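To start, the structure itself, in structure tokens.
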Amino acid sequence: FAPQVSWNIAHKEVNTEPYNPFEEHQGEISRIEKEYQVLQEQLKEAYENYEQIKLKGLEETRDLEEKLRRNLEENKISKTELDWFLQDLEREIKKWQQEKKEIQERLKSLKKKIKKISNASEMYTQKTDGKDKEHELHLDQSLEISNTFTNEKMKIEECIKKGKEDCEESHQRAVAAEVSILENWKESEVYKLQIMESQAEAYLKKLEQISCDSAAYPDMESDICLWELFLSNVTKEIEKAKSQFEEQIKAIKNGSRLSELSKVQISELSFPACNMVIRPHSASCLHLETRQGRLSLGLPLWPFSHVS
């Protein structure tokens, strides 16, 4: 298959000769144009590189200027510090020279004193040589005196030891005596309160035995309450007295003196007043008389020994 070409086109001629005066060789204009385009691109690229290098150079210049400024300031500060250091060094050197001078003067003075002391020591040695025998004699005498003093000291220490033992024994006996006194007081006071407690319990028991006859004794409940309260107070007073005496006994054992302690306070308790009229029936019993009649309780006389 062969392509069909127009006759006119097929027989046209193409000028391939160089185009003077712009070309010396064929295609030189095209080559120059291409080279121009390449140069344009290279110029553009070079310009861009130049701008970048210029910006970078400006930044580096600013950085270098800043570093230079800081270095100048640091150099200025360093110079100031160096001046201060040199001033301090100069003062220290002057001080050291002054101290050196003083030390040399003291050294001279010490040498003179050492020489004087050496001379005095030689003189003292000569004097002490003649006194050695006298010192030995005094030493023998001092040993004899020391032995005598030691014997006397041992005797005195023995007496002091015996005196301390006697004193301790006396102290223990005194403490035991004061504790015994307090215990006797405690037993006496507590015994009195316990007697009162037993009397109140007996009387309260008798009242409770006849409490069923409320018609004969309408105030029975009130009297029972009074006696129960009185019995509670007596019990509390017993515990209080025991506690106070125990505290004082403990204080005596810990080193206190009986004369220094306050007296144990025992409250004065009295039997409550009854709403009954009390009449003695015999030497050993009481009878309670109410408004409605007479009830015989057979109570002992001791709570009401004052009744005649």
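Just one of the numbered conditions (1) at pLDDT 85 or above; (2) outside the structural domain of ARG257 (by TED's automatic domain parsing) is not true of PHE149: (1).
Among the residues of segment 241-257, those that are closer than 16 Å to ASN184 by Cα, over 35 Å from the mean Cα position of the chain (by Cα) and surrounded by fewer than 16 Cβ atoms within 10 Å (Cβ to Cβ) comprise LYS242, SER243, GLU246. Taking the criterion of being out of contact with any Phe, Trp or Tyr (no Cβ under 9 Å at 6 or more places or on another chain) and either surrounded by 11 or more Cβ atoms within 10 Å (Cβ to Cβ) or small (Gly, Ala, Ser) (or both), the residues of segment 168-182 that qualify are SER170, HIS171, ALA174, VAL175, ALA176, ALA177, GLU178, VAL179, SER180, ILE181.
For the structure I just gave you, tell me whether LYS206 is in contact (Cβ under 8 Å) with a residue 12 or more places away in the chain and surrounded by fewer than 13 Cβ atoms within 10 Å (Cβ to Cβ). Judged against the criteria, LYS206 is not a match.
Yes/no matrix, rows are residues, columns are (1) polar (S, T, N, Q); (2) in a helix (DSSP H, G or I); (3) under 48 Å from the mean Cα position of the chain (by Cα):
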site: LEU86; (1), (2), (3): no, yes, no
site: SER121; (1), (2), (3): yes, yes, no
site: SER142; (1), (2), (3): yes, yes, no
site: SER170; (1), (2), (3): yes, yes, yes
site: GLU178; (1), (2), (3): no, yes, yes
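Inspection of segment 158-167 finds a residue satisfying the criterion of being in a helix (DSSP H, G or I) and farther than 30 Å from SER256 by Cβ.
When THR290 is tested against (1) at pLDDT below 80; (2) assigned by TED's automatic domain parsing to the domain that holds GLN199; (3) surrounded by 16 or more Cβ atoms within 10 Å (Cβ to Cβ), just one condition goes unmet, and that condition is (2).
Tally time: how many residues in segment 258-268 are farther than 15 Å from ILE181 by Cα and loosely packed, with under 15 Cβ neighbours inside 10 Å?
Residues in segment 258-268 being farther than 15 Å from ILE181 by Cα and loosely packed, with under 15 Cβ neighbours inside 10 Å: 3 in total.
Here are some residues: ARG91, ARG69. Which one is over 52 Å from the mean Cα position of the chain (by Cα) and either at positive phi or modelled with pLDDT of 90 or more (or both)? Residue meeting the stated conditions: ARG69.
The values are calculated or read from the model by the stated rules, or taken from the named source; none is laboratory data. On a predicted model such as this, the values are computed, not experimentally measured, just so you know. All Cβ positions, glycine included, derive from the backbone under ideal geometry; neighbour counts span all protein chains shown.
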